[in-house]
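Step one of this worksheet: look at the structure below.
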Amino acid sequence: MPFNGLSNLDGVLDDLQERFKGEDGQMVEVVSPEGDSLAIGLGKSKSVLSYVSRTGDPPYYVSVGTGREDETISFLFSGEFSEFSGRNTISLEAARAAVRAFVQTGELSPLMSWEE
């Protein structure tokens, strides 16, 4: 779903959160003008962020939260389930703030913890 900068980003994320609410959830990619992408997990009460640079080559980064390592969360991503450790879960509010920062700067939010 296209959006024009920050002006309607929150509305688009609200709409997608409602659309994907339910058991499966969905990873949604936000792509910078340079081609870097940040995917956000939507449709669940917790989220995960996954970053891939424009080259598609490593390093890849994923959010780090306070969830338990022995739990998992999964989201549909390009038609396949992607499973993440519970330690990668973050609040939906924190994930959305990181997406806003990415849209503004094209960079990963320094307020988030990230791991390869």
Quiz prompt | Of the criteria (1) touching a residue at least 24 places away in the same chain (Cβ under 8 Å); (2) under 22 Å from Gln104 (Cα atoms), which one Lys44 fails | solution = (2)
Practice problem: Would you check which residues across the range 47-71 are modelled with pLDDT under 95 and either under 19 Å from Lys21 (Cα atoms) or in contact with a helix residue (DSSP H, G or I) (Cβ under 6 Å, 6 or more places away or on another chain) (or both) and list them? | Solution: Gly67, Arg68, Glu69, Glu71
Quiz item: Residue check: is Glu29 free of Cβ contacts under 8 Å to residues at least 24 places away in the same chain and touching a strand residue (DSSP E or B) at 6+ places or on another chain (Cβ under 7 Å)?
Solution: yes
Quiz prompt | Matching residues in the range 29-53 - criterion: being of a type in the set (A, V, I, L, M) and under 15 Å from Phe84 (Cβ atoms) | solution = Leu38, Ala39, Ile40, Leu42, Val48, Leu49, Val52
Quiz prompt | Looking only at the range 57-116, and only at residues there that are more than 19 Å from Ser37 (Cβ to Cβ) and among the β-branched types (Val, Ile, Thr), the one that is surrounded by the fewest Cβ atoms within 10 Å (Cβ to Cβ) | solution = Thr66
Practice problem: Would you check if there is a residue in the range 15-34 being in contact with a Gly (Cβ under 8 Å, 6 or more places away or on another chain), within 15 Å of Phe102 (Cα to Cα) and among the hydroxyl-bearing types (Ser, Thr, Tyr)? | Solution: yes
Quiz item: Can Thr72 be described as under 16 Å from Met112 (Cβ atoms) and polar (S, T, N, Q)?
Solution: no
Exercise. Among the residues of the range 43-56, write down those that are in a loop (DSSP other than H, G, I, E, B), surrounded by 18 or more Cβ atoms within 10 Å (Cβ to Cβ) and not basic (Lys, Arg).
Key: Gly43, Val48
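The values are calculated or read from the model by the stated rules, or taken from the named source; none is laboratory data. The model shown is predicted, which means the values in this text are computed figures rather than measured ones. Neighbour counts run over all protein chains shown; Cβ positions are idealised from the backbone, glycine included.
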